[in-house]
1. What is the distance in Å between the Cα centres of the stretch 102-117 and the stretch 274-307?
2. Counting other C-beta atoms within 10 Å, and keeping those with at most 15, which DSSP coil GluC sites (Glu not before Pro) do you find in the stretch 63-125?
3. Under 25 °C and 0.890 mPa s, how fast does the stretch 201-260 diffuse according to Stokes-Einstein, given a Kirkwood radius computed over C-alpha pairs? Answer in µm²/s, whole number.
4. Please list, by residue number, everything in the stretch 79-105 whose backbone N is under 16 Å from a paramagnetic label point 7 Å out along Cα→Cβ of GLU155.
5. Would you work out which of MET94, LEU219, ASN21 lies farthest towards the positive end of the dipole of the chain, given +1 charges on the beta-carbon of Lys and Arg and -1 on that of Asp and Glu, about the Cα centre?
6. So if I place +1 on the C-beta of Lys and Arg and -1 on the C-beta of Asp and Glu, and nothing else carries charge, what would the dipole magnitude of the stretch 140-192 be about its Cα centre? I want it in debye, nearest 20.
7. Can you give the relative contact order of the chain as a percent, counting alpha carbon pairs under 8 Å and 6+ residues apart?
8. Pairs of alpha-carbon atoms within less than 8 angstrom and 6+ residues apart define the contacts here; what relative contact order does the stretch 232-352 have, in percent?
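Each reported figure results from applying straightforward, stated rules to the coordinates on display, with no laboratory input. Note that the coordinates shown come from a computational prediction; the quantities given were computed from them, not determined experimentally. Because the Cβ atoms are built from the backbone with ideal geometry, glycine has one as well, and the counts that use them run over all protein chains shown.
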Amino acid sequence: MAGLSINNVTKAFGDTKALDNVSIDVADGEFLAVLGPSGCGKTTLLRMIAGFETVTGGNIRIGDREVSTAEANTPPEKRRVGIVFQNYALWPHMSVSENIGYALKVARVPKAEREERVKNALALVNMEQYGDRRPANLSGGQRQRVALARCLVAEPRLVLFDEPLANLDVHLRASMEDEFADFHKRTGTTILYITHDQAEAMALADRIAVMDHGRLMQLATPRELYHEPANEMVASFISQGMVLPADVETEEADGQCRVRVLGQELVVRCRKGEKPRKDARICCRASQITSVGASQPGFEGTITRAVYRGGSARIEFEPASAPQLGLHFDQPDPVSFEAGQRARLAITSGWLIPADGAA
Ligand SMILES: Nc1ncnc2c1ncn2[C@@H]1O[C@H](COP(=O)(O)OP(=O)(O)OP(=O)(O)O)[C@@H](O)[C@H]1O
């Protein structure tokens, strides 16, 4: 296996900058997810790493080999990169073993070696006993595992997953997440996993690169993205964080500072060295909002919606002083809030979004 290094990569299609100066390092054996909304450049990035697309600027290295620059592009078949797509496209008339070994046969790998490598690849995806089956007689999850084995048999230096679970139903998706995580643990394969599903990225990846409009917004662990978003995009994209205007009133001390939000004073976590400033933003989560009594610090407003979800309700709220800032929080059973009701809420904690927005 090998690490992957994407250095200041830019890709332009005419006037459209699909990727704008993106740098990502994936360590040898790491599982890195690339996450972002539609059109953020995920597929373009994957196609460039695989060699299907050239870079306009910057370079890509796999292990110690430079494979893409604006001047030279190593062809896909020479990169030893495996790809697992969402459409796994197995040959229906071949058995599972024949599907997996097909590329080796075309490459004239001797039969005994071929059989050995197919057997090993089947073992890597826990499918040893299915070699003789036809794809039609497998479940969707098993077919996806055959697709993975077919990619592994070529002994890739790096495996790219392109939204591999997008076509599967919710239950199968959860069990395949477990399978991929287990596969990664057993094999130590370097994985770059493209997805627009943040729950999937969080469940699987060591680190996540969040992208938007062709730019890298933040590259961090799932916990760090959730607790310490580098900018407003990451704050609101990850788990629907609420971004609220704030004035910073004190200097940072022990990773915290005092802010004023919606007229309420509270202490939030922040980066080292934060200084008092106006027009800042904090990120807070549904779990950091609570209803309070009339004499406690907080702010007034109106409940606009209460949606019961079994065990709790999602409550939506408009602060009286800033109705355009829709807040939401969960009220556990017994749910008492109703649309139209006045309420007083308080924010219990949050994260001060850094002024520079840098990842
Ligand atoms: N061959 C192309 N020619 C022109 N523009 C392109 C081409 N390929 C991609 N783009 C543009 O580049 C941007 C990034 O597209 P890309 O397919 O990489 O996004 P994505 O994050 O994979 O989106 P999705 O999740 O919808 O697949 C988009 O604005 C897209 O329209």
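1. Between the Cα centre of the stretch 102-117 and that of the stretch 274-307, the gap is 63 Å.
2. GLU71
3. The diffusion coefficient I find is 190 µm²/s.
4. 79-82, 101, 103-105
5. Of the candidates, MET94 comes out farthest on the positive side.
6. 200
7. It rounds to 16 percent for the chain.
8. About 27 percent, as a whole number.
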